Amino acid sequence: MEGFIIALFVCLILALISKYLSIPAIPFYIIAGVILGKTGLGIVHADEISRFFSDMGLLFLLFFMGLELKLDRIIANPQRVLTGGLIGLSVDMGIGFTAAYLLGFTLMESFIVGAAFYITSTAIIITSLIENRKLMSREAETIIWVTVFEDIVLIFILAVLSASDQNLLLFFVKIALALVFMYAVSFYGKEFLVSILERDDEIPILFTFAAVLTTAAFAIFFGIPQTLMVIALGAAFATTDPDAFEQHARPFRDVFMVMFFVFFGVTIDFTSGVDWFIIAVICTLAVVSKLISGMIIGVVIHGSTLSGLEIWANMISRGEFSIALAVLYGSPVIATTIAAMVIFTSIVGAFTAKYSTWMRKCIISHSRRKALMYHPHNGR
Amino acid sequence: MSAMALRSVNLPGVGTKYEVETDKGDTIAVFFTKTGSIQMYTLQKGCQTPSAAEMSPVEARRLGNILTGAIIEADQESVEIAFSALADLRITIHTFFIPRSVIGKTIENLQVRAKTGATIIAVCRHDKNIINPPPSFAFEEGDAALVIGESDQIKKFEREILVE
C-alpha cells in the first residue's frame, strides 16, 4: 500500500512537469514505474490493489474509446477514413509483424507485437495537435480519421485474440446477444438514461461507474471478453448523451489510467532476459515504418510529400492501446519490447510533433536554394 | 448576407470545428476543443502556415461581441444581434450604470417605454440579477440596467432617461 501511494505522488509531480513542458506524460509514468519497480529501486510492487486499479484504467480507457466511436460519422465519411486507415494498417502492421517474426517471435506473438507496433496513441496525438496548434492544417483532419480507423481495427484485433481459444460460433452468438441487449437498453431507455445524467447530485457519476463495472462483471460471467463489452457499452451509450457520459467517466479514466501506466512499468523487468538488439530494431522500425506509411498517405490524400512528413511527425507516438495489448496478451518478453517501444516512440514523437513546422520550413528553403542553384532563372 | 462558405465538422476526440472562407479568400477556423479551450486560426490567402490564438470561453465571448460590432467600453458593454433570416432584424442589448438623477425613481415614473421604445429587461443589484423588473421597480444606487431595443432606441434611452 505504501508503494502505491509513493507511485501516486511521483505521478502527480511528473504530471505537473509534463504539463509545464507541454509534452505527453505517458512515457514518464511508465519510466516512473520502471524506476520504482522490479527493474529499478524495487520500492513498489504490483499487488491486488494495484491490479484492481490497472484493470479499472483499462476498462475506462476502452469505455471512453467506445463513446468516441460514432459509427454514423464514419459511414458518412468513408473515403477519408478508409484510404488513410488502410494504408496505415497494411504498411505498419505489415512491417511490425514481419520484423517480429524475423526476430524469432512465434506467429501469434508476432501478431500481438505487430498490432502494438501499428496502433498509435490517440491520447498523445490529439493532445499534441491541440497543444501545438495544428488543428487547422489539412493533415490534422486526416490524422484524426486515421486514429479513428485504428480504434476500429483494435476492436477486431481484440475480438480475434480473445476468440482464439473458444468455440467460435457460441462466442459470436454471445457477443451479438450482448450487443443487441446494450443497444436495446440505450434505445428504449434513452429518456431514462438522459434523465439520470441530467441530475446534479452524485447519481450520474455513480451510475457511469456502476454501468462500466457491471458490464465487465457480466462479461466475465458469460465468458465473453470484458474489453470488447465495455467498448460496446460506450458505443451504445454514445447514442444517448455521449458528452455527459464523457464528463462523468473522465475522472475515473484519468486517475486509473495513470495507475495503469505506472504499474505496467513496475512489472516490466529490464534486468534479465532482455534482448536489446530486438528492442533497438523494433524501436527504429517503429519510427521508420510510420515515415513510410505517412509519406504514402500524404501523397495519396494530399498529393504532397511535405504533408506526408507532417503526418509522420504527428503519428509516431504509440501509447495506451499498445500497452493494453501487452498487458492483455503479451508474454514478459513482448511486454518489455512494447514498453521500450512506447517510451521511445512517444518521446521521439513529442519532439517531431513540436518541431514539424520548423522541419518543413528547412526542407522548403533547402529545396528552393537547390532549385536556384541549378535553374537560377526559374527560381522564385 | 453574402454566401460565405461555412463548414462545421465534429472531429472525434477533438471537438467541433467551424471553418469560414471569406470572399477575399482568407480562411478562419474555430475549434471548440473538449478541453474547454477555444482555438482560432487565421490563414491568409496564399499562405501556408496559419497563425493561432487560444482563448478561454469568456475571452471568446468578448471577441464574439467585438466581431458583432458591439461597442465595448471599460465597464459598459453592448451586444448587437443580427437575425439575417428576419429581414436583417438587428437588436442591441446595452448595459448602463444608473446615474444619480435616476435613483429613487421607478420604471413607470421614468416612462422608459413611452419615451424611448427601449425596454429594461434586467437590473443587476449587488451581484444579483433581477430579470424583467416590474413597472413599480425603483432604482437604487449602484444598480446597472440591461436595456434591449434597436440601436436608435438605445441612444434615445441614453440621452433622455439617463441625463435629466
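The values are calculated or read from the model by the stated rules, or taken from the named source; none is laboratory data. Everything numeric in this text was worked out from a predicted model, so none of it was measured. Cβ coordinates were reconstructed from backbone atoms using ideal geometry, including for glycine residues, and neighbour counts include every protein chain displayed. Calculation scope for accessible area: heavy atoms of the full protein, side chains included, ligands and nucleic acids excluded. Shrake-Rupley method; radii C 1.70, N 1.55, O 1.52, S 1.80 Å.
Of the residues making up region A:154-199, those that are open to solvent by 40 Å² or more (accessible area, probe 1.4 Å) and not in a helix (DSSP H, G or I) are A:SER164, A:ASP165, A:GLN166, A:ASN167, A:GLU198, A:ARG199.
Beta carbons closer than 6 Å, at least 6 apart along the sequence or on distinct chains, pair a first residue in region A:205-216 that is crowded, with 16+ Cβ neighbours inside 10 Å with a second that is of a type in the set (Gly, Ala, Ser) and modelled with pLDDT under 95 for A:THR208/A:ALA249. Can A:LEU14 be described as closer than 30 Å to A:GLU141 by Cβ and not aromatic (Phe, Trp, Tyr)? So A:LEU14 fails the test. Within the span defined as region A:142-150, one or more residues are crowded, with 18+ Cβ neighbours inside 10 Å, within 19 Å of the chain's Cα centre (by Cα), within 14 Å of another protein chain (Cβ to nearest Cβ) and of a type in the set (D, E, K, R). On the basis of being out of contact with any Leu (no Cβ under 8 Å at 6 or more places or on another chain), under 30 Å from A:ILE6 (Cα atoms), in contact (Cβ under 8 Å) with a residue 40 or more places away in the chain and assigned to a helix (DSSP H, G or I), does A:PHE252 make the cut? It is true that A:PHE252 is out of contact with any Leu (no Cβ under 8 Å at 6 or more places or on another chain), under 30 Å from A:ILE6 (Cα atoms), in contact (Cβ under 8 Å) with a residue 40 or more places away in the chain and assigned to a helix (DSSP H, G or I).
Only a single criterion out of (1) more than 9 Å from chain A (Cβ to nearest Cβ); (2) open to solvent by less than 40 Å² (accessible area, probe 1.4 Å) is not satisfied by B:TYR41, namely (1).
If the condition is being away from chain A (no Cβ under 11 Å), assigned to a strand (DSSP E or B) and open to solvent by 60 Å² or more (accessible area, probe 1.4 Å), then region B:19-35 contributes only B:GLU21. Selection of region B:1-18 for residues being in a strand (DSSP E or B), at the interface with chain A (Cβ under 9 Å from one of its Cβ atoms) and either of a type in the set (A, V, I, L, M, F, W, C) or surrounded by fewer than 17 Cβ atoms within 10 Å (Cβ to Cβ) (or both) yields B:VAL9, B:ASN10, B:LEU11. Taken over region B:44-60, the residue count meeting the criterion of being part of a strand (DSSP E or B), more than 8 Å from every other protein chain (Cβ to nearest Cβ) and over 22 Å from A:ASP243 (Cβ atoms) is 2.
Of all residues in region B:1-27, none that is in the same structural domain as B:CYS47 (by TED's automatic domain parsing) and polar (S, T, N, Q) has its Cβ atom under 6 Å from the Cβ atom of a residue that is part of a loop (DSSP other than H, G, I, E, B) and modelled with pLDDT of 90 or more, 6 or more apart or on another chain.
Can you confirm whether A:VAL34 is more than 21 Å from the chain's Cα centre (by Cα), β-branched (Val, Ile, Thr) and either within 19 Å of A:VAL262 (Cβ to Cβ) or open to solvent by 50 Å² or more (accessible area, probe 1.4 Å) (or both)? So A:VAL34 does not fit the description; no. Within region A:94-108, being buried (at least 20 other Cβ atoms within 10 Å of the Cβ) and in contact (Cβ under 8 Å) with a residue 60 or more places away in the chain holds for A:ILE95, A:GLY96, A:ALA99, A:ALA100, A:PHE105.
Being within 9 Å of chain B (Cβ to nearest Cβ), open to solvent by less than 20 Å² (accessible area, probe 1.4 Å) and assigned to a helix (DSSP H, G or I) is a property that holds for A:LEU129. Per the listing A:VAL262, A:VAL266, the residue uniquely crowded, with 20+ Cβ neighbours inside 10 Å and in contact with a His (Cβ under 8 Å, 6 or more places away or on another chain) is A:VAL266. Cβ-Cβ distances below 9 Å connect the following pairs, each with a first residue in region B:39-54 that is more than 15 Å from A:ILE130 (Cα to Cα), a second residue that is modelled with pLDDT under 85 and aliphatic (A, V, I, L, M), and a separation of six or more residues or different chains: B:GLN48/A:ILE364.
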